[in-house]
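Inspection log for the structure reproduced underneath, given as structure tokens.
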Amino acid sequence: MKIACLAGDGIGPEIMAEARRVLDKLDLPGLTIWEGDVGGIGYRRHGHPLPPETLEMAKAADAVLFGAVGDPGCDNLERHLRPEQAILGLRQALGLFANLRPATMFPGLEDLSALRPEVARAIDLLIVRELNGDVYFGEKAIRRLDDGRRQGFDLMSYAEDEVRRIAHVGFRAAQGRGKRLCSVDKANVLETSQLWRDVVIEVSAEYPDVELSHMYVDNAAMQLVRNPGQFDVVVTGNLFGDILSDQASMCVGSIGLLASASLGEHQTEFGTKGLYEPIHGSAPDIAGQGKANPLAMILSLAMMLRHSFGLEAKAAQIEGAVSKTLADGVKGADLGGSAGTVEIGDAVVARL
Ligand code: NAD
Ligand code: IPM
Ligand code: MN
């Protein structure tokens, strides 16, 4: 079982170290761990945010464990050299079109949600975010109009097969959970969204056991804070899913808690090849201070064991230890506590 660990920038290495300690503690047989440079550190050391050797490593691995990329010192580089291109490039090169972002309330954390505890208690949802298309990957430029004004331009588009395959992921996920799927779009304004909705409805014919609903993204943002308990599985496009998942994290309590799995169609001998990362970024404002919450990273490791290696019991063991850590009051500054990154890692390892 070959795992490529790409820690990246900012808090990436700090949280990756804690996930690695959890992995070491599990003492799984047959693991091969590789490490590669990615993001700003990739650019600084190799001249590219996704150096060819890192890309080859990710391709050869059965799963990629990814920290975070992003470096304020790189924000003025040409776009193709910026750290964020590494994660976008990996998602595209590995065909990882389905991004699963679960948001579930942890027992004992209700009071720390940005929502009232009685509203937050019911959160148990999964955002299925399309990850290979949308305005992210369309033609883009800052160009000159004929009259000399600058114009920013990003093409939003989805082809029907791109919508169909993520819709199937959404329906299948719903079948395995509460059997309700909410497709989020902006079909009242965008043609891209109208096609999205049409295709989701077509696919729904194959899933008569799943109750399908549709919601405009602005309403979805509002409903997510009004009554998040109404959602089971949400399927949506790349940009809307990006935004709604950060929002969902604060409904749970912190962005430092939400993990993700990015999957495609490639099967290895162990499971589905995937990339696993927290939904948050490199948090430059707290990097190097030892106070980042490593739980999203550790929960991403659990998702990796589940989806890429079929080790459901081990995944559940990690998730149980994380839950217990929080229930025991071990919390970082993001949750109003005082535990540092290593202390939280220690607490999880001790509870495995
Ligand atoms: P961010 O998610 O890095 O940080 C937002 C806020 O949340 C910050 O105040 C940060 O301190 C806090 N935060 C994030 N993770 C935390 C954790 N584990 N524990 C405690 N607090 C945490 O978003 P940003 O500030 O908008 O972006 C910073 C950089 O990260 C940018 O370069 C951005 O492009 C990049 N980014 C990368 C990824 C990724 O690698 N997949 C995701 C999001 C943003
Ligand atoms: C995320 C991030 C990325 C995205 C950026 C860094 C490209 O925000 O993983 O959520 O927008 O997908
Ligand atoms: Mn994001």
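Values quoted throughout were computed directly from the atomic coordinates according to the rules given, and no laboratory measurement underlies them. Not measured: the values here are computed from a predicted model. Note that we place each Cβ from the backbone using ideal geometry, even for glycine, and neighbour counts take in every protein chain shown.
Numbers at a glance
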| item | result |
| --- | --- |
| Cα shape, region 110-252, gyration tensor, a/c 1.5 rule | oblate |
| Choice from 117, 228, 49 showing the highest fluctuation, given a GNM over the chain with Cα pairs closer than 10 Å | 117 |
| Three-way shape label, the chain, alpha-carbon gyration tensor, a/c 1.5 | rounded |
| Given charges at beta-carbon only (K, R positive; D, E negative), |dipole| of region 110-252 in Debye | 240 debye |
| Charge context of residue 229, other residues only, Cβ under 14 angstrom, K/R +1, D/E -1 | +1 |
| Residue-count net charge about residue 155 - beta-carbon cut-off 10 Å; Lys, Arg +1, Asp, Glu -1 | -2 |
| Summed side-chain charge close to residue 304 - residues other than residue 304 whose Cβ falls under 11 Å, Lys, Arg +1, Asp, Glu -1 | +1 |
| Whole-Å distance, taken between Cα centres, linking region 32-80 and region 97-160 | 22 Å |
| DSSP beta bridges in the chain [antiparallel fraction, %, rounded to 5] | 45 percent |
| Contact order relative to length of region 160-214, as percent, for alpha carbon pairs under 8 angstrom and 6 or more apart | 45 percent |
| Relative contact order (%) - criterion: Cα under 8 Å, at least six apart; region: region 110-252 | 38 percent |
| Region 206-289, relative contact order in percent, only Cα pairs under 8 angstrom and at least six apart counted | 20 percent |
| Amide H partners (placed H, <5 Å) of residue 235, local residues excluded | 128, 182, 183, 184 |
